[in-house]
Amino acid sequence: MRLYRQFERLRYGAAAAAMAAALALGATHADADGTLRIAMTAADVPTTTGMPNNGYEGMRFLGYPIFEGLVLWDLSSADTLADIKPGLATSWTQSKEDPTKWTFTLRQGVTFHDGSPFNADAAIWNLERYYNTDSEQFEAQGSAITRARNPNVKAYKKIDDYTLEITTDRPLSYFPYLLVYMLYSSPAAWEAAGKDWAEFAKAPSGTGPFEITDFKPRVSVTLDKNASYWDKDRIPKLDRIILYPMPEATTRLAALRSGQVDWIEVPPPDAIPSLKSAGYDIVTNSYPHAWPWVLDVSPDSPFSDVKVRQAANYCINRDDMVTLLNGIAEPSVGFFKQGTSKFGNPKNAYTFDPEKAKALLKEAGYGPDKPVNAKVMISTSGSGQMLPLPMNEFLQQTLAECNINIEFEVVEWGTMLVGFRAEPTDTPSLGADAMNISLVTSDISQMARWFWSGNFTPNGSNWGHWKNEEYDRILGEIQTSSLDEIDAKVARLNEIVVDEAPWLWIVHDLNPRAMSKNVKGFVSAQSWFQDFTPVTLE
């Protein structure tokens, strides 16, 4: 494939460097009892201050295993979509008199890895770190990530040592679902690090079941078992996890086959049959994931016209894309998966129909003599990005059949995340008319995050600046309802985004991993995140 070959030399250099690092470190730990070695898709070790970068892969590996929030995901089952559970808070209530106020009862007896207590003071200190730019502990990167995921925190205060009140900027029935993305670090450890986040990152301290004991940028990070973890049922069975950043799929594959790692994220699809034949386990599961193009709908973008957006959706051969991926994805034609109660009954049922696509484009004023020309920002790898170079070249070729000409702005994952937090017309977006960025579809809070006009970037995560009055009105009704009363309204929201097509709906990932036979006890949760505490090595 042309785009794939275009970056062959770059990929080879990155692969060689990553493999050299894996070989050097793997030799040290390959025979260590209870040490699980994992190759990530990230190009670098995610940051270790307690709010990791590298998207949700950063949260999966350098977030929840080490740091925790007031609310956590329940990752104990592979059979149902993961839901939330109490974390550093044992319970929470929304005020009936003022539904913008939430009271959290904090868990007692929890300590950070450095031995200091988690309490309301520690919680307030972290909230100040994220939401008060004038605070001594303010951390720009952690704040940007947190505010993008949870922009609705207005105020907070300590009620007593183990009671915390948080006020939102408007009533939000789904507010607890936003709190899973706000993690807590040790104020005492930051003080001991000279009040310097860069120094804190070398010896970070959270409350989770693992703690970071060794950190080598671009090479590896080591997590050791926290034998004093507060949840005695989830004290890790492993002694240690070593994480290696390996953005190139073939590099991860070679590391697994050579025994340098025990587990790889996103194996190359064409290698799956041979891996199975060689005795490796290929683990997949449905999970709340979308692999779309997020479209800029501002006036100067070709995607400002809904007919162009719909036409693009009718010019995607999703079945062939799944074949290209050897079955590790499923077609996507909306935010939620088709056939579920949340999908509803949209007017548009997107199939591969180039003639319908061309007819829509003709109505919008485009054709062979005046094609749609658009630039799409894509990454070389990253969290949930699957195999972005060959996948996007496939889309480029398919869309060209419908008179939609696509050029790519290829960047590293971190660069894309910066652009995705900016306005679509700002410099970090690099003139892109769309971004291919994999996104979470777990619950109503994520629908609000990506599509609500109140969440336009840079204050929220609606990068495309799409706005629909009916959508905003129904979302407002949901925000003031109880969560058990909203199913029909959520389905209507999905119908709107399918028909209005603020995204190019492409595929849902199936979360593939390949691991050696000696890895036991792993439960592939229907989530972007996973629990490593039950995993063992035999």
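The values are calculated or read from the model by the stated rules, or taken from the named source; none is laboratory data. This one's a predicted model, so the numbers in the text were calculated from it and none came from an experiment. For neighbour counting, all protein chains shown are included, and Cβ atoms are generated from backbone atoms with ideal geometry for every residue, glycine included. Side chains included, ligands, DNA and RNA excluded: accessible areas come from the protein's heavy atoms. Shrake-Rupley method; radii C 1.70, N 1.55, O 1.52, S 1.80 Å.
For the range 375-384, does any single residue satisfy the condition of being among the polar types (S, T, N, Q), part of a loop (DSSP other than H, G, I, E, B) and crowded, with 23+ Cβ neighbours inside 10 Å?
yes
Would you tally the residues in the range 201-211 being among the hydrophobic types (A, V, I, L, M, F, W, C) and open to solvent by 10 Å² or more (accessible area, probe 1.4 Å)?
Count: 2.
Kindly list, by first and then second residue, each pair from a residue in the range 186-197 that is more than 16 Å from T111 (Cβ to Cβ) to a residue that is open to solvent by less than 30 Å² (accessible area, probe 1.4 Å), limited to pairs with Cβ atoms under 7 Å and residues at least 6 apart or on different chains.
Close Cβ pairs (under 7 Å, with a partner that is open to solvent by less than 30 Å² (accessible area, probe 1.4 Å)) amount to A193/F200; W197/T49; W197/E139.
Looking at the range 163-176, which of its residues are within 25 Å of P117 (Cα to Cα) and surrounded by 20 or more Cβ atoms within 10 Å (Cβ to Cβ)?
Scanning the range 163-176 gives L164, I166, P176.
Restricting to the range 245-272, and then to whatever is modelled with pLDDT under 95 and open to solvent by 30 Å² or more (accessible area, probe 1.4 Å), can you tell me which residue is nearest to the chain's Cα centre (by Cα)?
Across the range 245-272, the extreme among qualifying residues is P247.
Given the conditions (1) over 30 Å from E500 (Cα atoms); (2) assigned to a helix (DSSP H, G or I); (3) touching a residue at least 24 places away in the same chain (Cβ under 8 Å); (4) not small (G, A, S), and given that K276 satisfies all but one, which numbered condition is not satisfied?
For K276, the failing item is (3).
Identify the single condition in (1) open to solvent by 40 Å² or more (accessible area, probe 1.4 Å); (2) over 21 Å from the mean Cα position of the chain (by Cα) that T284 does not satisfy, given that it satisfies every other one.
Going through the list (1) open to solvent by 40 Å² or more (accessible area, probe 1.4 Å); (2) over 21 Å from the mean Cα position of the chain (by Cα), T284 breaks only (2).
Please verify whether S341 is more than 18 Å from K358 (Cβ to Cβ), of a type outside the set (D, E) and in contact (Cβ under 8 Å) with a residue 12 or more places away in the chain, treating the condition exactly as stated.
For S341, the condition - more than 18 Å from K358 (Cβ to Cβ), of a type outside the set (D, E) and in contact (Cβ under 8 Å) with a residue 12 or more places away in the chain - is met.
From the set of residues in the range 478-489 that are out of contact with any helix residue (DSSP H, G or I) (no Cβ under 6 Å at 6 or more places or on another chain) and surrounded by 14 or more Cβ atoms within 10 Å (Cβ to Cβ), which is modelled with the highest pLDDT?
The residue in question is Q479.
Does at least one position in the range 334-356 carry a residue that is open to solvent by 30 Å² or more (accessible area, probe 1.4 Å) and among the hydrophobic types (A, V, I, L, M, F, W, C)?
Yes, there is a match, as at least one residue in the range 334-356 is open to solvent by 30 Å² or more (accessible area, probe 1.4 Å) and among the hydrophobic types (A, V, I, L, M, F, W, C).
Criterion first (in contact with a Pro (Cβ under 6 Å, 6 or more places away or on another chain), at pLDDT below 95 and farther than 19 Å from E500 by Cβ) does L325 satisfy it?
Yes: the conditions hold for L325.
Looking only at residues that are touching a strand residue (DSSP E or B) at 6+ places or on another chain (Cβ under 6 Å) and either of a type in the set (V, I, T) or within 17 Å of K232 (Cβ to Cβ) (or both) in the range 105-127, which one is surrounded by the most Cβ atoms within 10 Å (Cβ to Cβ)?
Here the residue is H113.
If we keep just the residues of the range 82-104 that are of a type in the set (D, E) and more than 21 Å from P65 (Cα to Cα), which is surrounded by the fewest Cβ atoms within 10 Å (Cβ to Cβ)?
Per the stated criteria, the residue is E97.
What strands (runs of 3 or more DSSP E) completely inside the range 28-100 contain at least 1 residues that are in contact with a Lys or Arg (Cβ under 8 Å, 6 or more places away or on another chain), in contact (Cβ under 8 Å) with a residue 60 or more places away in the chain and among the hydroxyl-bearing types (S, T, Y)?
35-40
Any idea which of (1) within 14 Å of S516 (Cβ to Cβ); (2) without any contact (Cβ under 8 Å) to a residue 40 or more places away in the chain is the one I264 doesn't satisfy?
(2)
Select from the range 14-69 the residues that are among the charged types (D, E, K, R) and at pLDDT below 50 and list them in ascending order.
Result: D31, single match.
Which residue is nearest to the chain's Cα centre (by Cα), if the candidates are limited to the range 394-415 and must be surrounded by fewer than 22 Cβ atoms within 10 Å (Cβ to Cβ) and more than 17 Å from N373 (Cβ to Cβ)?
Among those residues, the one meeting the criterion is G414.
Scan the range 315-329 residue by residue and report those that are buried (at least 16 other Cβ atoms within 10 Å of the Cβ), in contact with a strand residue (DSSP E or B) (Cβ under 7 Å, 6 or more places away or on another chain) and either of a type in the set (S, T, Y) or not in a loop (DSSP other than H, G, I, E, B) (or both).
Hits for the range 315-329 are R318, M321, V322, A329.
Restricting attention to the range 212-237, which residues are among the hydroxyl-bearing types (S, T, Y), surrounded by fewer than 18 Cβ atoms within 10 Å (Cβ to Cβ) and either modelled with pLDDT under 95 or not in a strand (DSSP E or B) (or both)?
If the condition is that a residue be among the hydroxyl-bearing types (S, T, Y), surrounded by fewer than 18 Cβ atoms within 10 Å (Cβ to Cβ) and either modelled with pLDDT under 95 or not in a strand (DSSP E or B) (or both), then S228 is the only one that fits.
Looking only at the range 416-464, count every residue that is closer than 22 Å to P302 by Cα, open to solvent by less than 30 Å² (accessible area, probe 1.4 Å) and among the charged types (D, E, K, R) and tell me the total.
1
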